[in-house]
Amino acid sequence: MIKAGIVGATGYAGQELLRLLTQHPECEVKYITSRSYVDQSYSTIFGNFVTIVDDLCIEKEMIELAKQVDVLFIALPHGIASANVNKELLSMTKVIDLGADYRLEDIEIYDHWYKTAHNSSELLEEAVYGLCELKREKIKTARLIANPGCYTTCSILSLTPLLKEGLIDEKSIIIDAKSGVSGAGRGLDIGVHYAECNESMKAYKLAAHRHTPEIEQELSLAAGDKVTVTFTPHLVPMNRGILTTAYATLKDSTTYENIRMAYEKYYKDEYFVRLLPEGVYPETRWVKGSNFCDINFKVDERTNRIIVIAAIDNLVKGAAGQAVQNMNILLGINEKMGLEYIPMFPA
């Protein structure tokens with residue numbers, strides 16, 4: 001059995017991670033930590049775990065946990081992982097960081113967007129960006145995985161085939177994204193109180209969202225050239241889900257058939273990426289509770305642009321599910337293990 005530890009188990013992503021790992025046939029969660037709920041039974045914090053996980057939350061240094069587990073998941077805000085992960089810790093265990101500390105390759109870009117000191121920048125070169133469908137071979141031999149963000153997972157998967165095959169103008173990309181309120185985390189914030197966000201929809205962090213450089217970094221790698229995007233996130237009054245709508249100008253002589261072939265080239269053997277039939281477009285309700293990313297596109301011949309729609313569950317494929325998928329690849333077991341859930345409906 002794989003022995004796992006979860007640091008930050010009482011946030012939404014941490015809870016989702018524990019839900020998935022508890023049902024994983026080859027994983028045993030040895031430690032769940034939380035600074036806010038030390039010595040409280042986990043099932044008193046999340047009632048869905050009653051009689052399933054009644055263990056007490058503990059507070060323990062990561063270096064001590066690393067000595068006793070095969071994989072350590074860190075589900076904490078940015079800045080904390082970089083202050084605790086070092087080469088000594090990585091010599092003892094694999095680390096999957098659900099935060100942002102190891103996602104960006106350039107420390108100056110991290111400093112600019114996150115305004116937080118990075119305390120282990122020497123590990124950035126070693127860290128592998130864990131978007132499983134695109135980085136599988138690198139993940140297999142890694143010690144440190146940077147689990148991608150939710151908006152980024154949806155955006156990068158939906159646009160990568162177009163850029164790799166040179167089908168769109170890389171300077172024309174606009175991404176319009178919508179997220180459920182769980183994407184904001186479990187901390188108190190008036191902006192996500194029920195009365196503040198219900199029956200409303202808003203754009204936020206215009207031209208300033210921290211997932212922007214992550215999207216640009218990975219799309220630039222796909223294109224083989226610098227990609228700059230316009231990225232606008234929106235908050236919608238639902239618990240879960242990400243829907244991205246991306247627009248780009250097509251290059252000359254690009255046809256529907258060329259585009260379809262490009263997506264099939266990269267995703268036809270990818271279980272968790274579902275390329276939908278022509279005319280059927282992704283909806284968040286059809287991926288909720290699952291590790292699937294649904295994708296489809298429409299060619300607008302009038303404007304010579306493509307419209308790409310993608311949907312994921314932000315807490316599963318956008319966080320905990322992808323982390324489990326990374327663990328499976330890292331440890332050489334069936335990549336789908338513990339993740340073959342049919343999406344929940346209605347939910």
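Overall form of region 224-283: oblate. Here a/c, set by the Cα gyration tensor axes a ≥ b ≥ c, is 1.5 or more, and a/b is not larger than b/c. Counted over all Cα-Cα pairs of region 152-210, pairs farther apart than 14 Å make up 68 percent. Straight-distance candidates among the lysines for linking to LYS205, with alpha-carbon spacing under 18 Å and chain neighbours fewer than 8 residues away dropped: LYS115, LYS178. Treating each Cα of region 151-312 as an identical point scatterer and summing with the Debye formula, the log10 of I(q)/I(0) at q = 0.14, 0.15, 0.16, 0.18 Å⁻¹ comes to -0.71, -0.80, -0.91, -1.12.
With both residues required to sit in the chain, DSSP beta bridges show an antiparallel share near 45%.
Membrane-span-like helices in the chain (whole DSSP H runs, Cα extent of at least 20 Å along the helix axis, mean Kyte-Doolittle hydropathy of at least 1.0): none found. Between ARG186 and ASP169, the contour length at 0.36 nm per residue exceeds the Cα-Cα span by 2.3 nm. Using a Gaussian network model on the chain with a 10 Å cutoff between Cα atoms, which of GLY47, GLY149, GLY180 fluctuates the most? Looking only at GLY47, GLY149, GLY180, the largest GNM fluctuation is found for GLY47. When the Gaussian network model of the chain links Cα atoms closer than 10 Å, the mean-square fluctuations of SER36, SER290, SER182 top out at SER36.
Partners of LYS265 within straight-line reach, counting aspartates and glutamates whose Cα lies under 13 Å from its Cα and excluding those fewer than 8 residues away in the same chain: GLU133, GLU165, GLU257. From the largest down, region 1-137 spans 47, 32, 27 angstrom on the principal axes of its Cα atoms.
Volume of the convex hull of the chain (Cα atoms only), normalised per residue: 137 Å³.
Under 26 Å between alpha carbons, and skipping anything fewer than 8 positions from LYS3 in its own chain: which lysines qualify? Candidates past the 8-residue exclusion: LYS30, LYS60, LYS67, LYS87, LYS94, LYS135, LYS138, LYS140, LYS317, LYS336. If the segment from ILE52 to ALA208 were pulled out straight at 0.36 nm per residue, it would be longer than the present Cα-Cα gap by 52.1 nm.
Considered as an equivalent ellipsoid built on the Cα gyration tensor, region 235-347 has semi-axes of 28, 18, 11 Å, the largest given first.
Every number in this text was worked out from the coordinates using simple rules, so none of it is lab data. Just so it is clear, the structure is predicted and the values come from calculations on it, not from any experiment.
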